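Novice: Structure incoming, see below.
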Amino acid sequence: MMHYTFIRNHHSHFTVKKMCQTLLISESGYYRWLQEPISKRCRENNILKNRIQELYVEHGGMVGSPMVTADLRAEAQFADVGKNRVARIMKESSIQCKSLKKYKTTTDSNHAFPVAPNILNRNFTVAAPNKVWVGDITYIKVGNKWAYLSVFIDLYSRIVVGWDLSTSLEKESTIWALRKAILRRNPPKEMLVHSDRGVQYASKEYRQLLQEKGFRQSMSRKGNCWDNAVAESFFHTLKTQYIHHRSFRDIEAAKYGAFPVHRGILQP
């Protein structure tokens, strides 16, 4: 069936007869396949392929199958899509990442602090604001050094409600980002705050702040970035569209020049 799909997708460039000869399949078999009703799985794959192509264009071609999968899983319609399925469709459609940035680790889960259960469990669709926030940290090149952006995102609106940029990966920046979000939104007790298992989120001071506010804590499973797919997707969009094409001389320039506050992606 893969060969038949290839012929259908390229019949405007090559003759059916020539492609069948090259692929060693019968021309009559191809035409019989064309007459068969499209299966439910095929229709789903076509819808998925179209969305993958849209995401590829949105990211300027600088996205591979892992991040496309994260983007898709952040959408209710594709919440359960498998990474192998996405990779296969991208390969069949010749959708390839143009370039990849060197990865820098921001999560240190090798610590002795308590770990919260994965209450969120990839349920990325919520009914109202301030029901679930997700937090994460990423890195940004500033001059010849690294700076670290800590954010908290409202899972309902997908807007960053609190953020901080620091030259250190210490817990203080993450706690400050959360405090700013709390001051801005005044969320109710029992709100769920999800993150990875990084030492910043497992620290005594961070957990105390959650307890003081009556928030519930949730953490991703160890080494599973898909459990925090919305934050991963946000960071990828931020970097490909606003950061990778810019340079910042110092951290203050990065704070005021890196983030499209006026476009609503980050609230001031």
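Read-outs throughout are calculated quantities, based only on the coordinates presented, and are distinct from any laboratory measurement. The model shown is predicted, which means the values in this text are computed figures rather than measured ones. Here the Cβ positions follow ideal geometry from the backbone for every residue, glycine too, while neighbour counts run over all protein chains shown.
Novice: Considering only C-alpha atoms, what is the centroid distance from segment 191-259 to segment 173-189, in Å?
Specialist: 13 Å
Novice: More than 24 angstrom separation, counting every C-alpha pair in segment 132-263; what % is that?
Specialist: Working: 2206 of 8646 pairs.
More than 24 Å apart: 26 percent of the Cα pairs in segment 132-263.
Novice: Say each of residue 79 and residue 170 gets a label point 7 Å from the Cα, pointing the same way as Cα to Cβ; how far apart are those two points in nm?
Specialist: 4.0 nm
Novice: If the limit is 26 Å between Cα atoms, which of 49/239; 83/131; 18/40; 40/131; 180/239 go over it? Working shown, then result.
Specialist: Numbers: 49/239 24 Å; 83/131 28 Å; 18/40 30 Å; 40/131 35 Å; 180/239 22 Å.
Pairs exceeding the cut-off: 83/131; 18/40; 40/131.
Novice: If each DSSP helix of 4+ residues adds -39,500 (n - 2.57) and the sum is divided by the residues in the chain, what number results at 222 nm, nearest 500 deg cm²/dmol? Before the final figure, lay out each step's value.
Specialist: On the way: 11 runs with 110 residues, N = 268.
Rounded to the nearest 500, the figure is -12000 deg cm²/dmol.
Novice: If I take all pairs of Cα atoms in the chain, what percentage of them are more than 28 Å from each other? Don't skip to the answer; put the middle values down first.
Specialist: Details: 15602 of 35778 pairs.
Counting pairs separated by more than 28 Å, the tail of P(r) holds 44 percent.
Novice: How much length is gained if the chain between residue 46 and residue 13 is pulled fully straight, taking 0.36 nm per residue apart and subtracting their Cα-Cα distance, in nm to one decimal? It would help to have the intermediate numbers written out before the result.
Specialist: Working: separation 33, 0.36 × 33 = 11.88 nm, distance 2.06 nm.
Once the chain is fully extended between residue 46 and residue 13, it gains 9.8 nm.
Novice: Then there is this: Computed over the Cα atoms, what is the radius of gyration of segment 2-92 divided by 2.2 N^0.38 Å, N being its residue count? Please list the in-between numbers first.
Specialist: Values: Rg = 15.5 Å, N = 91, 2.2 N^0.38 = 12.2 Å.
For segment 2-92, the normalised Cα radius of gyration is 1.27.
Novice: Same structure again: Return the long-range amide H neighbours of residue 136 (sequence gap of 5 or more, or a different chain), with a cut-off of under 5 Å between placed amide H atoms.
Specialist: Under 5 Å from the amide H of residue 136: 151.
Novice: Suppose we take every Cα in segment 202-253 and form the convex hull; what volume per residue is that in Å³? Intermediate results must be reported in sequence, preceding the final value.
Specialist: Details: hull volume 7.9 nm³, N = 52.
It comes to 151 Å³ per residue, whole-number rounded.
Novice: Given a Förster radius of 41 Å and the C-beta distance between residue 96 and residue 205 as r, what FRET efficiency does 1/(1 + (r/R0)^6) yield to the nearest 0.05?
Specialist: Numbers: r = 44 Å, r/R0 = 1.07.
The formula returns an efficiency of 0.40 here.
Novice: Continuing with this model, one more query. Mind giving me the nanometre distance, one decimal, between the label points for residue 6 and residue 54, set 7 Å out from Cα along Cα→Cβ?
Specialist: Simple spin-label model gives 2.9 nm for this pair.
Novice: Near residue 213, which aspartates and glutamates are there with a Cα under 15 Å away, not counting those fewer than 8 places off in the same chain?
Specialist: 190, 205
Novice: Here's another thing I want to ask about it. Measure off 7 Å from each Cα along the Cα-to-Cβ vector at residue 36 and residue 250, then give the distance between these two points in nanometres to one decimal.
Specialist: Label at residue 36, label at residue 250, 6.6 nm between them.
Novice: Among 211, 96, 21, whose mean-square fluctuation peaks in a Gaussian network model of the chain (Cα, cutoff 10 Å)?
Specialist: 21
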